[in-house]
Structures are given as C-alpha cells and as structure tokens.
Amino acid sequence: MYAQLVKSEGSKSREDMTPEEIAFQDRIDRNEKIEPKEWMPEGYRKTLIRQIGQHAHSEIVGQLPEGNWITRAPTLERKAILLAKVQDEAGHGLYLYCAAETLGVSRDELLEKLHSGNMKYSSIFNYPTLTWADMGAVGWLVDGAAIMNQVPLQRTSYGPYSRAMIRICKEESFHQRQGYDIMMKMCAGTPEQKAMAQDALNRFWYPALMMFGPSDKDSVHSAQSMAWKIKMNTNDELRQKFVDQTVPQAEYLGLTVPDPDLKWNEEKGGYDFSEPDWSEFFAVIAGNGPCNAERLGARVKAWEDGAWFRDGLMAHAAKAGERARTARHAAE
Amino acid sequence: MPSLPDMTTPNLTALAGQALADSGHVAVPAPDAGQPEFVEFLQRMGDNALILGHRVSEWCGHAPALEEDIALANQALDLIGQCQLWLGLAAEVEGKGRDADALAYLRDAGAFRNLLLVELPNGDFGVTLMRQFLFDAFHIELLRALKASADSRVADIAAKAEKEVAYHLERSADLVIRLGDGSEESRARMQAALTKLWSYTGEMFVDDAVDGAMSDAGIAPLPSSLKPAWDRTVAAVLDEATLAAPAEAWQHGVKTPGGKKGVHTEHLGYILAEMQFLQRAYPGARW
Ligand SMILES: [Fe+2]
Ligand SMILES: [Fe+2]
Ligand SMILES: [Fe+2]
C-alpha cells in the first residue's frame, strides 16, 4: 500500500453532522461518486489530498530503487521491460498529482511538502535494491502489495481518484507478472541465481508486509476514512489477503518465506504469520531507513538542478506571449 | 581496430543491381555470409542506439520535471528497441551463432562502433538535450535514406525507427529552441552545451571504406550525403534558439580514428563496466 498512516480528519457521529454532511454521507453510502466541483466536507478533501499526495509521491520516489538497475539490466529485453515499468510509475505519479489538483492543491505545493519532509511516501522505497533478483522481488511483492490495496480503491468514493486507480491497476498487474517472471528465471537458473532470489525474498518479505500499515488495533485513522470510502479495507484484512496469495507463489518458486511461524490455519482458511517488526517500520517512517537520505536527496537534487530548466521554459513562454501580443497590436 | 578490407564480395553488388532493377521493395535475399562490412554497418547502427539509450536511461527518476522523466524513459525505450533490431540483424548476418545480447554484453569497448557523441556523459540537462538534438537531426536523415535500402530488412527497421526518431527530433528541437530563447541562464547553459558538443558532430559525416561499400551496394547512404540536410535543420533551430555554433572547432574522429573505428573516449569503458556487469560476473547464466 502506497499510503500508510494517512491521518484522517476526526470522525463525527450522525447526530453531530450538519444536514449537508448527512446528505454527503448518504451519497457515499449509496456508492455515488463525488466529483471535483461538488460540495464535500473539508475533512474529506484534506484527507484525500494527504492520501493521493502520498500515493503520488510513492510512485515517483518508487522510480529510484528500480531505476538503480536499468543501466545494469542483464539483457536488452529485461532492460526494455524495466524501463517501461519505471516509465509507467512516473505516469502513475502524473495521474495522481492531477487527481490531487482537482482538490485544489498544485503539484508544486505537494512536491514542496515532499521535499521539506512534511509529506511521506511509502516506507518500502527506503530499502535498497542490492541485486538483480530485487527487480523480481519488487515487482512480485511490492507491486503485488500495491495491487492488493489499489484494486478495492477503484471503487473509492472520489471520482478522479477512482478513475486514476482503474488506469493504474491495469499496469500494476503487468508489473507484478514481470517481477514474478524474473523470479522464475532466477529460481530455475544457477545456484547463485537461486540464492540471489532467496536473499531478495528474505529482505523484502517483512518490508512488503509493512506496506499495509500498522495493525488495525493500532491504526487510529481508519474509521472515518472507511466511512468516506477513501479506505476500503482494514490494514490487517489486506495483509492477510496478501500473505494468502503470496505464500503459494513462493512455494511454486521453491523459495522459503522467512517466517518460521508461517502455518496454514484450516479454521480461518488463511495463513498464520509473524507480524513485521513495527519498531523498524516507525524508524523508517521517521527517516531512519537504509535509503531515506538517498531517496529524498535524489528527488530534491533533481528538483533543484532542474530549476533553470523549468524557469527557462517559463521565460520562453512569457516572451512568446509578449511577442504574440505585440503582433496583435501591430495588426490592429 | 585495423582498417577494413575493401568490399570485394561480388554478390553484394549484384544484389544491389537486382534491387535497383526492382522498383518495388521485393525482399532481397540475405547477402549474409562473409559480409563483414555489412555487419560492421549494422553494429554502428545498433551501438549508437544502445549507448545513447543507456545514457538517456541514466536520467530515469532524476529529470527536472515528471514529464521529462516520462519522455526520456520513452526515448530510451525506443532506442533500446532499435538496438535490439539492428544488433539482432548484425548477429544474423554475421552468422556466428551470436545474438543481439551477446553483441551488447560480451564485446569490449574496442569492438563498439558507436559515435563518440553518444557516449559523452550526460552533463546537465542542457548537454543531454543538445546531444540528443544534434544526434536526432542526423539520425532522422540517416533513417529516411535507409528506408530505401536495397536490403529489405534494413529498410523495415529504418521505417519503424524513423517514426520514433521523428518524434525525438520534434521534442529535442522544440526544447533547444525554448531553452535557448528562454532565460539568461538557460540560454547560457544551452550555448555552453552546444560549444562543448560541437567538436563531436563532424564524426557523423565521415565516409570510410565500410560506408563506401554500403553505399555501392545500395544498402546505406554515404554519411557525407546527409550533411546538407543536417546543416539546414541545425541552422534553423539554432537560429530560432538564438544560439551560435562555434565557427572553427577541432572535430574528433574525423582526421583521427573515432568511435566508428572502435577508438573511444574513456567514458565508454565505464558504461560497459556497468552495463555488462551481470553477464560478466555470471557467465552463461540466463536471466
Ligand atoms: Fe506502484
Ligand atoms: Fe505505480
Ligand atoms: Fe508498478
């Protein structure tokens, strides 16, 4: 999940709601889509901006761990597939910033908040990609976890967000298949390749489980977001679904999930599994993951180094506008 | 790289004649075996695309705007795709059981045939854009001419690549103009990029024995024949961009051997060290 710990504005009981708020909630309960120009509670708007913004930031920061291997991809075909994937992620960022703009916040404002550390991106992108197998593990597990979260969000109450999710989900499932394909190749390869694949699973398993956010019992902001259908499932529901889907895939690869307590539970029809180390999660969120400084640093550097480029284009547009005005005057 | 033997293989000339006789694009049988010049030419095409694609891909996630990240990834993707086609054909014509990946990943720098221009480091975004523009303006003329190649496989690849490169040129020319005629700083950066890169443009138009053989066989144009059109494009764009090419500049790879002959800058070795790492570290592994 690309939006973790999104702080929701306080929830209200029906008795405390204004007639407008009641009518709004009724529309959501009837599964009507809310469109940009329509009335919405300020809390709904703010929560959505945080969530969509965090998701957008995750897409663009998410270019970096995979971009790290484009120049080292082992075949031309793998290079092309990876390039296409990273390009898709940038495109996802673009759709999402556009969706956020419909709520009255500009892309530049959101980027400023990212760069100053006032907005977050998913914790997963603060882990390093150390071997080529990580390109497989990221596609399989990270895009896989993202899909788990984003498929239900196709039904989210805010129209532009829902439509962005529909476009994005199609591409994400392609990413996941490509990632799994890399893993299959590695697992069927040399002993070194297989070891790389196992090592990648070992390193990405728990960070992937963390993508769904803290356990429901510690997740303070869920109720209101779920009432607004900004969040469609609880963190634990999605995490369980992810584990249930992924464990058989790992078995098929002949890899071992790094959890000695992982066990099928017949009664609940799902796996029992170990929780990730939440202290690690909060450390990463607080900026102390292995790559936080590099990831945010790379984005800030790209933005600062690119200032002259953006200013140059603005200056040209201003000159061209001026010339057009002068020409019009001369013609009149 | 030793100087190349003259093209003495008779069947190429015969084939060219046959191709000229056919007004339409009838598939010419492969003039494959023993065509070192043809292989050499195809490697030049493939290596330019590969190395420039590599350089462009280095921007992934680091470009000055999200739209540029997308555009550059797309451009790199086009170039890698073209490289697969050119090197795939080179391997087929060579007939030694190699494939495009073997050519890309298992040759050392001295066996690469790309122009020096495309291996130069990215520099600031202005250098990257200017390098792209100067190459695109050449690439498009080359591909247009190759669409009429006597070898239908070459013509087919060129036709596909031309559409992509037309878009690359549209984009790079537009940005050179807007940034040249932009702010004081953007103009200064674009002028500095142009001055720096100009010395690497001459190599594009050098005719050597390989080019002569390709031209005689009707497979490819002489590079020098592309210069007038390139001059026109570049002059028009630079004029609108309010930029000026250096009047006199030493041209690398013209009087001295350059990338086309396998004599590269120091930069190529590092590109290959990075690009070929996995294939070299795990010989024979499949990915
Ligand atoms: Fe994603
Ligand atoms: Fe994405
Ligand atoms: Fe993805």
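Overview of results
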quantity: Fully extended contour minus Cα-Cα distance, from residue B:99 to residue B:65, at 0.36 nm per residue; calculated: 8.6 nm
quantity: Residue-span extension gain [residue A:261 to residue A:330] - 0.36 nm each, minus C-alpha spacing; calculated: 16.8 nm
quantity: Amide H partners (placed H, <5 Å) of residue A:34, local residues excluded; calculated: A:158, A:159
quantity: Ordering of A:117-127, A:103-113 by burial proxy (mean other Cβ atoms within 10 Å per residue, highest first); calculated: A:117-127, A:103-113
quantity: Max mean-square fluctuation residue, GNM over chain A, Cα-Cα springs under 10 Å, options A:266, A:59, A:294; calculated: A:266
quantity: Hydrodynamic radius (Kirkwood) for chain A, which is based on Cα pairs only, to one decimal in Å; calculated: 21.5
quantity: Chain A: most fluctuating residue of A:317, A:164, A:298 per GNM, C-alpha cutoff 10 Å; calculated: A:317
quantity: Shielding score for A:298-309, defined as the mean number of other chain Cβ atoms within 10 Å; calculated: 5
quantity: Net charge dipole size for chain B [Lys, Arg +1 and Asp, Glu -1 on Cβ; Debye, nearest 20]; calculated: 360
quantity: Among A:296, A:313, A:96, residue whose mean-square fluctuation peaks in a GNM of chain A (springs only between Cα atoms under 10 Å); calculated: A:313
quantity: Local net charge near residue A:27, Cβ-Cβ under 12 Å (Lys/Arg +1, Asp/Glu -1); calculated: -4
quantity: Residues of segment A:199-219 with amide N under 19 Å of a point placed 7 Å along Cα→Cβ from residue A:274; calculated: A:199-215
quantity: Helix axis angle, B:10-21 relative to chain B longest principal axis, alpha carbon, degrees; calculated: 70
quantity: Segment B:201-287: trypsin sites (Lys or Arg not before Pro) in DSSP loop, at most 12 other beta carbons within 10 Å; calculated: B:255, B:286
quantity: Segment A:56-196, relative contact order [Cα under 8 Å, separation at least 6], %; calculated: 26
quantity: Those trypsin sites (Lys or Arg not before Pro) in segment A:137-182 that DSSP places in a loop and that have at most 15 other beta carbons within 10 Å; calculated: A:155
quantity: Debye, to nearest 20: dipole size of the protein assembly as shown, +1 on Lys, Arg Cβ, -1 on Asp, Glu Cβ; calculated: 380
quantity: Modelled label reach - residue B:208, point 7 Å along Cα→Cβ, segment B:264-287 residues with backbone N closer than 15 Å; calculated: B:264-265
quantity: For residues of A:37-47, the mean tally of beta carbons on other chains within 10 Å; calculated: 0
quantity: Alpha carbon centroid spacing (whole Å) that separates segment A:15-60 from segment B:209-255; calculated: 58
quantity: Part-to-part distance (alpha-carbon centres) for segment A:268-332 and segment B:72-113, which is given in Å; calculated: 34
quantity: Distant-in-sequence amide H partners of residue A:271 (H built 1.01 Å from N, under 5 Å); calculated: A:244, A:265
quantity: Virtual spin-label span in nm between residue A:16 and residue A:311, 7 Å along Cα→Cβ; calculated: 4.8
quantity: Area of residue B:143 that stays accessible when all protein chains are in place (1.4 Å probe, Å², to 10); calculated: 0
quantity: Segment B:148-194 versus segment A:148-187: alpha-carbon centroid distance in Å; calculated: 34
quantity: Backbone HN-Hα couplings from phi across segment A:29-43 [Karplus 6.51/-1.76/1.60, Hz, Gly and Pro as x]; calculated: 5, 7, 6, 7, 7, 8, 10, x, 7, 7, 5, 8, x, 4, x
quantity: Rounded to the nearest 20 debye, dipole of chain A from Cβ charges on Lys, Arg, Asp, Glu; calculated: 1060
quantity: Phi to ³J(HN,Hα) by Karplus 6.51 cos²θ - 1.76 cosθ + 1.60 over segment A:259-266, Hz, x for Gly, Pro; calculated: 9, x, 9, 5, 7, 5, 10, 4
quantity: Mean separation of Cα contacts under 8 Å, 6 or more apart, over the residue count of chain B: relative contact order %; calculated: 24
quantity: In Hz, Karplus ³J(HN,Hα) per residue of segment B:232-240 (6.51, -1.76, 1.60; θ = phi - 60°; x = Gly, Pro); calculated: 5, 4, 5, 4, 5, 5, 5, 4, 5
quantity: Farthest positive-ward along the protein assembly as shown dipole, Cα basis, beta-carbon charges - from A:215, A:128, A:76; calculated: A:215
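The values are calculated or read from the model by the stated rules, or taken from the named source; none is laboratory data. These figures come from a predicted structure and were not determined experimentally. Glycine also receives a Cβ, built like all others from the backbone with ideal geometry; neighbour counts cover every protein chain displayed. Note: areas computed on protein heavy atoms with side chains; ligands, DNA, RNA excluded. Shrake-Rupley method; radii C 1.70, N 1.55, O 1.52, S 1.80 Å.
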